[in-house]
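Colleague: Quick one: structure below, then a few questions.
No lab work stands behind these numbers, since they all come straight from the coordinates. Remember, predicted model here, so these are calculated numbers, not experimental data. Positions of Cβ are generated from backbone atoms using ideal geometry, with glycine treated the same way; all protein chains shown enter the neighbour counts.
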Amino acid sequence: MITRQNILFHELIGLDVLVLHALNRSQCSIEGLVVYETRNMLHIRTKKGIVKVQKRGTTFACTLPDGSRVAFFGSLIAVSPQRRTSMRITK
Amino acid sequence: MGSRNRRPSRKNIARERIDILFYQAERFAAEGELNLSDLCVKRARQIAMRERIRLCAIHNRKFCRRCCRYFVPAKTSRIRIYRGVVTVTCLQCGYQRRYPLKKRRDQR
């Protein structure tokens, strides 16, 4: 189950995401469904179409399946998606 | 031993991710976006290989082994039964996979 604790290691495809802050200002407050993910980008489906948002330097707010919202820095998940499960986060 | 058992939930998370990816692939296919469901299948296989997990039989039959095409019967795959063998053909690359209907004698 996706929780607040394991969101960084879990699957993002299928979650609703809001961009809280981005280096590219025109991408701030983009909201939509995560459709695909690469090492550096999240592909978000919005009303206007699929938008690619850079992970590094961006703050995302994810809506979990239980309805709660979690915010996290995109730099923490700037790893290739299959490696994310086994990555270690150094504090 | 400590380092080996540091994160026992790692494989569980990977299994959950694979389940989610196949669920999403089904959803994308229902919406008609088959390219996205192919990408989901590819990602699920990559996670399984990385974490050394076997895909369960239900998931394993849902895509083409050669080109990772997600199978929607009659749309991307053809299923035929002939002489006790189920043949699944990928309509993208033509790869055929055969499954016996009866179990082998030693598996009964």
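Colleague: Could you tally up the Lys pairs in chain B with alpha carbons closer than 29 Å? Skip any pair fewer than 8 positions apart unless they're on separate chains.
Modeller: 9
Colleague: If you average the alpha carbon positions of segment A:1-60 and of segment B:83-108, how far apart do those two centres end up, in angstrom?
Modeller: Using only Cα atoms to place each centre, the spacing works out to 40 Å.
Colleague: While we're looking at this one, here's another question. How high is the FRET efficiency between residue A:70 and residue B:72 when r is their beta carbon distance and R₀ equals 35 Å, given to the nearest 0.05?
Modeller: It comes to 0.55.
Colleague: Return the Rg/Rh value of segment A:7-86, two decimal places, where both radii are evaluated on C-alpha atoms and Rh is the Kirkwood radius.
Modeller: Result: Rg/Rh = 0.92.
Colleague: Tell me the Rg and the Dmax, in Å, that the Cα atoms of the protein assembly as shown produce.
Modeller: According to the Cα coordinates of the protein assembly as shown, Rg and Dmax are 19.3, 66 Å.
Colleague: Once Rh is set to the Kirkwood radius over Cα pairs, what Stokes-Einstein translational diffusion coefficient, in µm²/s, holds for chain B at a temperature of 37 °C and a viscosity of 0.692 mPa s?
Modeller: Estimated diffusion coefficient is 213 µm²/s.
Colleague: I'd like to know which of B:96, B:24, B:84 lies farthest towards the positive end of the charge dipole of chain B, counting +1 on Cβ of Lys and Arg and -1 on Cβ of Asp and Glu.
Modeller: Highest projection toward the positive end goes to B:84.
Colleague: Moving on to the next point. Where nothing but the Cβ of Lys and Arg (+1) and of Asp and Glu (-1) is charged, how large is the charge dipole of segment A:7-86 around its Cα centre, in debye to the nearest 20?
Modeller: Approximately 340 debye in magnitude.
Colleague: A follow-up question, please. On average, how many beta carbons from a partner chain sit within 10 Å of the beta carbon of a residue in A:7-16?
Modeller: Average per residue, whole number: 5.
Colleague: Could you run the Karplus curve 6.51 cos²θ - 1.76 cosθ + 1.60 with θ = phi - 60° over segment B:63-76 and give me ³J(HN,Hα) per residue in whole Hz, x for Gly and Pro?
Modeller: With coefficients 6.51, -1.76 and 1.60, one gets 8, 7, 6, 8, 10, 6, 6, 6, 8, 10, x, 6, 9, 10 Hz.
Colleague: Looking at segment B:1-101, which trypsin sites (Lys or Arg not before Pro) are in a loop (DSSP not H, G, I, E or B) and have at most 16 other Cβ atoms within 10 Å?
Modeller: B:4, B:6, B:52, B:54, B:61, B:65, B:66, B:75, B:83
Colleague: Hey, another quick one. Taking the dipole about the Cα centre of chain A, with the C-beta of Lys and Arg at +1 and of Asp and Glu at -1, give me whichever of A:15, A:85, A:3 is farthest to the positive side.
Modeller: A:85
Colleague: Over all distinct Cα pairs, what is the inverse of the mean 1/r for segment B:60-104, reported as the Kirkwood hydrodynamic radius in Å?
Modeller: 10.7
Colleague: May I ask you to evaluate 6.51 cos²θ - 1.76 cosθ + 1.60, the Karplus curve with θ = phi - 60°, for each residue of segment A:82-90 and list the ³J(HN,Hα) values in order in whole Hz, giving x for glycine and proline?
Modeller: In residue order, the calculated couplings are 6, 8, 4, 4, 9, 7, 10, 9, 8 Hz.
Colleague: Still on this structure: By a straight-distance test (C-alpha under 13 Å), which aspartates and glutamates pair with residue A:55 as possible cross-link partners, with residues fewer than eight away in the same chain excluded?
Modeller: Of all the aspartates and glutamates, those that pass the test against residue A:55 - Cα under 13 Å, at least 8 places apart if same chain - are A:37.
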